[in-house]
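Visitor: My structure is below; once you've seen it, I'll send some questions.
Derivation of every value follows stated rules applied to the coordinates shown; laboratory data play no part. For clarity, every value in this text was computed on a predicted model and none was experimentally measured. Glycine also receives a Cβ, built like all others from the backbone with ideal geometry; neighbour counts cover every protein chain displayed.
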Amino acid sequence: MKKAYKIVAILTMAIIGVIVIVFSTIYHDIKTTAHEIYIPVIAELPASREEEIDIEIGEPFAALILGVDERQGDRGRSDTMIVLTVNPSLETTKLLSIPRDSYTEIIGKNVQDKINHAYAFGGIEMSVKTVEHLLDIPIDYVAKINMESFVELIDIVGDIPVENKLDFEYEGQHFQKGPLQLDGESALKYVRMRYDDPEGDFGRQNRQKEIIQGVMKNSLHVNTVLNYKSILKTLENHVETNVKLDEMLVIRKNYSNSLKNIEQHYLKNGTGKKMNGIYYYLLNDTELELLQGTLKKHLEID
């Protein structure tokens, strides 16, 4: 009997040892990736934020996601600009996809132009400052994602189920109305189409939200965890962020329930106008002011 207990004890210790090694390896890999993708964003604390937030105690925060088409020798423009405000006490996240043609002041350039040109003019920092000025809120975190990673990430986590509301063709692919399963390439086309959509950029925003939620849901699957090395490699190649590893872990712990409950907001009462032959989207001042108030309240900013 003692021999049996001894064998069990040895096996148990061996299993624990393997688990420790595996998790140590995973943590080391994650730490390496977090170091590779981290970039400091040098920006003064906006007037609307008196001091930096404390995520350890669950204070609300705002984040900017920049989806960028970058090519060799070309910084590109931010094809997608998504603002998230996350409030753990309310367990809600507000999501705003800023119309890319929005005509606004580009902070640091002293010109009025399309908001997505801020990235081409001054990269991440100019984009952050311009969005802060437009929405009158602080941006605490930012992530720049090359759209190539969008395809790779979906191919890793698995096809995304969507309910397509519009029959359309885009870049040689036909998207039937109704339920669809989309791989990475198809999903990228699905969210990029806007000219054939009666709702234009706003229809595209709804499709973006649908895909984002699908990726988040698929990321929780066991198979995704087993493919963590592929995910980390994709992140290293295509993502930059000012979120440190310890902050990522705290956000996952304290804010996960909020990220499951996403409320979408819009800037859809503006008007399109051509100036010097170029199309711009002129925002509705009243709508913008109401949205600023909504986001400030969600961030618990007076």
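Visitor: For a Förster distance of 35 Å, can you work out the FRET efficiency between the beta-carbons of His133 and Lys165, rounded to the nearest 0.05?
Guide: 0.55
Visitor: By how many nm would the segment from Tyr279 to Asn206 lengthen if fully extended, with 0.36 nm per residue of separation less the alpha-carbon distance?
Guide: Gain on stretching Tyr279 to Asn206: 24.1 nm.
Visitor: Return the FRET efficiency for the residue pair Leu90, Asp196: r is the Cβ-Cβ distance, R0 is 41 Å, and the value is rounded to the nearest 0.05.
Guide: Efficiency at R0 = 41 Å is approximately 0.65.
Visitor: Between Glu289 and Gln173, what's the calculated FRET efficiency when r is the beta-carbon distance and R0 is 35 Å? Round to 0.05.
Guide: Here the calculated transfer efficiency is 0.30.
Visitor: When the Kirkwood radius is taken over all Cα pairs of segment 38-298, what Stokes-Einstein diffusion coefficient follows at 20 °C and 1.002 mPa s, in µm²/s?
Guide: 111
Visitor: Please compute the length gained on full extension between Leu245 and Ile57, using 0.36 nm multiplied by the number of residues separating them and subtracting their Cα-Cα distance.
Guide: Using 0.36 nm per residue and subtracting the Cα-Cα distance, I get 66.0 nm.
Visitor: In what order do Ser219, Ser127 fall by count of nearby beta-carbon atoms within 10 Å, going from fewest to most?
Guide: Final ranking by Cβ density, sparse to dense: Ser219, Ser127.
Visitor: Under the 0.36 nm per residue contour assumption, what length would be gained going from the current alpha-carbon distance of Lys109 and Asp79 to full extension?
Guide: 8.9 nm
Visitor: I would also like to ask the following. Identify the residues of segment 128-164 with backbone N under 20 Å of a label point that sits 7 angstrom from the Cα of Gln181 along the Cα-to-Cβ direction, or state none.
Guide: Residues 151-164 fall inside that zone.
Visitor: Give the relative contact order (percent, whole number) for segment 95-212; include only Cα pairs under 8 Å separated by 6+ residues.
Guide: Relative CO of segment 95-212 lands at 16 percent.
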